[in-house]
Each structure stands twice: as structure tokens, then as C-alpha cells.
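Below is one structure, written out as C-alpha cells; comments come after it.
What follows draws every value from the coordinates through simple rules; no lab data is involved. Here the structure is a predicted model, which is why all the values come from computation and not from measurement. In this analysis, Cβ positions are derived from the backbone assuming ideal geometry, glycine residues included, and neighbour counts consider all displayed protein chains.
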2 protein chains.
Amino acid sequence: MSTTESSPNGLTRREELLAVATKLFAARGYHGTRMDDVADAVGLNKATVYHYYASKSLILFDICKSAADFTVGALHDDPSASAREMIYHFTRRLLVGIASDIERGAVYFQEAPYITEWFTEEQVAYIRKAESSVYEHVRDVIDRGIASGEFYECDSHVLALGYIGMTLGSYRWLRPQGRRTAQEIAVEFSTALLRGLIRDEAVRAEAPLGIDVPGTA
Amino acid sequence: MSTTESSPNGLTRREELLAVATKLFAARGYHGTRMDDVADAVGLNKATVYHYYASKSLILFDICKSAADFTVGALHDDPSASAREMIYHFTRRLLVGIASDIERGAVYFQEAPYITEWFTEEQVAYIRKAESSVYEHVRDVIDRGIASGEFYECDSHVLALGYIGMTLGSYRWLRPQGRRTAQEIAVEFSTALLRGLIRDEAVRAEAPLGIDVPGTA
């Protein structure tokens with residue numbers, strides 16, 4: 001059997017294996033899932049599974065790395081954008097991305113407290129660096145908004161952590177087929193948060209997300 | 001040995017056992033902790049541990065029940081209070097409570113996705129009922145604020161879920177000895193959120209937490 005052979009759904013065997021393992025880890029936890037379970041669920045024998053991934057922890061690392069890379073990639077770094085636009089666009093990309101792969105987000109968050117048990121130092125450092133850059137980005141955007149007078153004075157450190165809990169924690173309840181789309185939820189979150197941060201009453205009332213309201217541009 | 005014998009720190013043996021198990025579950029996960037580990041850490045033999053708890057899942061249920069009961073107990077149900085006061089006081093009680101027992105909160109949140117694997121139907125129903133009542137309380141407070149004109153129109157369902165992620169998710173980074181106290185963090189969270197919800201410009205600027213500012217009462 002070729003190692004790049006595609007499965008019926010168009011994924012490579014390795015991708016399919018990763019997708020199946022992600023579902024199992026999300027439902028039962030990493031510790032509660034054995035390589036045998038993964039092999040059974042994907043319909044391969046265990047030797048073949050080990051051909052693709054030499055250990056279970058390498059599967060977990062691929063899932064966590066993918067989630068961390070996605071989150072870092074969602075950061076909106078346009079120096080010409082206002083702080084409120086940066087926050088809105090980051091929120092929108094985050095929620096749309098989480099909704100598109102709930103199980104990846106679930107594994108990433110559920111296993112985060114234990115990764116030092118499974119990962120090498122380099123792997124842990126990779127994930128921690130991504131997490132720090134997301135936190136620092138959000139904090140810096142809030143700080144920039146305070147410095148420019150766009151936002152009220154506030155504790156950017158604490159609010160960045162609260163923001164991350166509000167948005168990334170949505171994997172617990174966000175559903176692709178829910179009554180509100182991820183995009184709509186991003187507008188609700190951003191509107192409430194940004195109305196709370198923006199000083200200027202006209203901006204706050206008319207364009208809290210930094211999007212031009214027709215007729216005012 | 002008497003089953004109500006106290007350990008040197010003044011806890012009953014059962015309380016001490018629960019405290020030790022909470023620390024182990026928080027650090028390694030429920031699945032990754034064996035009853036032998038609990039017995040070793042508390043300095044009892046396994047038979048004695050089983051005397052206090054007939055199964056590992058009963059320990060986990062006690063931890064989760066305690067966390068769920070605490071959260072429900074923190075709900076502020078004063079019909080004469082404004083919606084902003086209700087939200088501020090709930091936030092304050094929640095964060096102070098989480099900071100006072102980070103590991104209990106960690107176990108509760110980390111194991112929540114898997115409790116149907118370990119708990120009886122009645123136990124799951126108990127936890128789910130507590131979670132629903134917290135969500136419904138927050139949503140109803142926001143709805144009440146919208147209905148009275150205190151708050152902007154918004155999606156109370158989505159904002160209640162975001163609020164829960166922001167506040168309860170703080171067990172990930174809240175530390176009793178951190179640079180900001182739980183009380184201070186509650187003020188930061190509530191101020192940002194409530195400034196985002198409150199319609200009235202004077203209330204919003206002067207008393208977003210519903211606390212009288214000296215000189216305006």
C-alpha cells in the first residue's frame with residue numbers, strides 16, 4: 001500500500017488518520033484514547049498507523065500545532081487599521097475558524113493543561129510561543145487603542161485574557177449549524193466589547209466595529 | 001482508625017483526600033490519575049481510600065458538584081437590583097471564588113467534556129442542571145436589562161455564553177497571588193462589559209457597575 005494513497009473522501013491516509021484521531025481525542029480525551037482505538041476507527045492495522053505517526057503524542061502535537069498556527073494566522077496585522085478594526089477582524093477570523101473545526105479546537109483546549117506530560121521541550125515551546133504571541137497581540141492592540149485615545153484607560157493585560165476566554169472558549173458551544181453563524185457571533189462579541197472600550201460617543205454609537213456605516217463615509 | 005479522624009492540617013481524612021485528589025486531577029487529568037496515586041499522595045493505603053470513596057468517579061463527582069454548587073450559589077438574585085448590579089456582583093463572587101480554589105475550577109472545566117463517561121445519569125443531570133441555571137440566569141439578567149431600557153438591544157444568548165467563557169475561563173490564568181486581585185479583575189471585566197451594554201451615557205460614564213460614585217448619590 002502506498003503511503004500517499006488517498007482514502008475515498010479525498011484525504012490522504014495521514015490526513016484521514018489525523019481527522020479520526022481528532023474526533024476520538026475530542027470525545028474521550030487523549031489519555032482515554034489508545035492507538036488501537038485510532039487504528040480501529042480509521043480501519044487500518046496498528047503497524048500502518050505507526051508508519052504514519054511513530055507515537056500517539058505526535059498525533060496530538062500535529063493537532064495542537066495546527067490549532068495554534070491557525071490562531072496565530074488569524075491575527076490581523078494591518079498597521080493602518082484602527083484598534084477596533086483589528087479586534088473585530090481577529091474575532092471574526094477566530095470564530096469562523098473555530099466553527100469550521102470544532103474538534104481541533106476542543107482537543108487543543110482540553111489537552112493544553114497536560115502537554116508538558118506528552119510533548120518534548122521543543123514541542124511545548126512551540127505551542128507556548130504561539131499562545132504568547134496571541135495574548136501579546138491582543139494586549140498590544142488594546143494598548144495602542146488606549147495610547148491613541150480611541151479606547152478608555154483599562155487593564156489591557158486582564159482584558160486580553162478575558163477576550164481570549166470569551167472567543168477561544170466558544171469551542172464549547174459554537175456549532176457550525178447553530179442558530180447564529182460564527183460571523184454573527186463575532187459581530188455580537190465585538191460590538192459589546194468595543195462599545196465598552198471606545199471613548200468617542202459618535203464612533204461608539206455608529207461604527208463600533210470600525211466598519212463604515214453607509215452615508216457616513 | 002476512626003473515619004472522622006482529623007489530619008494534622010485540621011481537615012477530616014475525607015476532606016484531605018478530596019483536596020489531594022483535586023490537585024492530582026488538575027495536574028494530570030482524571031483519566032491519568034489512579035486510585036493508587038491518590039492513596040500514595042495522601043499517605044493512606046488503597047483500602048482506606050476506598051472506605052471513603054467507593055470509586056474514583058465518586059471523588060470526581062464531589063469535586064464537580066462542589067464547583068457547580070459554588071457557581072449557582074454565586075448568582076445574585078436580588079429583584080430590586082439593576083441588571084448591571086446583578087452582573088457586577090455575580091462576576092465578583094465568581095472570580096473571588098475561582099481564585100480561592102483554582103484546582104477545583106480546573107478539574108470541573110477540564111473534565112466537563114467527558115463526564116458522561118464517568119457519571120451516572122443522575123450525576124450528569126445534576127451538573128447539567130447547575131450549568132443551565134447559570135447560563136439562564138445571565139441571559140435573563142441581560143434580557144431584563146434590555147427590556148427595561150438599561151441595556152442596548154443585543155443577543156443575550158450569545159453574550160451570556162461569551163460572559164461565561166470570559167469569567168469561568170479565568171481558572172486558566174487567575175492566581176491568588178497575581179498582580180491583580182480577583183476583585184480588581186472583576187471590576188475590569190464588569191466595567192468593560194457593562195460600558196458596552198449600558199445605553200444611558202451618564203450611567204455608563206459614572207456608574208457602570210451600579211455602584212454610586214461619591215457625590216452623585
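Quick notes on this one:
- Point-charge dipole on Cβ atoms (K/R +1, D/E -1) for the range A:57-206, about Cα centre, debye to 20: 500 debye
- Between the range B:42-71 and the range B:123-189, the alpha-carbon centres lie 28 Å apart.
- Between the residues A:G145, A:F90, A:I102, the greatest Cα displacement towards the positive end of the dipole of chain A, with unit charges on the Cβ of Lys, Arg, Asp and Glu, is found for A:I102.
- Selected from A:E136, A:E122, A:E184 as most flexible by GNM, with chain A as the system and alpha-carbon contacts under 10 Å: A:E122
- Each 5 Å bin, from zero up to the one with the longest distance, holds this percent of the alpha carbon pairs of the range B:63-206: 2, 10, 19, 22, 19, 14, 9, 5, 1, 1, 0.
- Computed from point charges on the beta carbon alone (+1 for Lys and Arg, -1 for Asp and Glu), the dipole magnitude for the protein assembly as shown about its Cα centre is near 740 Debye.
- Calculated from backbone phi, Karplus (6.51, -1.76, 1.60) coupling profile of the range A:133-142 in Hz, x at Gly/Pro: 5, 5, 4, 5, 4, 5, 4, 5, 5, 5
- For a modelled paramagnetic label at A:Q177, 7 Å from Cα along Cα-to-Cβ, the residues of the range A:61-103 in reach, with backbone nitrogen under 20 Å, are A:96-103.
- Net charge dipole size for the range A:1-120 [Lys, Arg +1 and Asp, Glu -1 on Cβ; Debye, nearest 20]: 120 debye
- Vicinal HN-Hα couplings computed from phi for the range A:39-47 (Karplus, 6.51 cos²θ - 1.76 cosθ + 1.60; Hz; Gly/Pro x): 4, 4, 5, 8, x, 10, 7, 5, 4
- Inter-chain shielding of A:197-210 (mean C-beta neighbours from other protein chains, 10 Å cut-off): 1
- Under 13 Å from A:K65, Cα to Cα: aspartates and glutamates that are on another chain or at least 8 residues apart: A:E111, A:E122, A:E131
- Note that the range B:182-191 has calculated 3J(HN,Hα) couplings of 4, 4, 5, 5, 4, 5, 4, 4, 5, 4 Hz, one per residue in order, obtained from phi through the Karplus relation 6.51 cos²θ - 1.76 cosθ + 1.60 (θ = phi - 60°); glycine and proline are x.
- With a 10 Å cut-off around each Cβ of A:106-119, the average count of Cβ atoms from other chains is 3.
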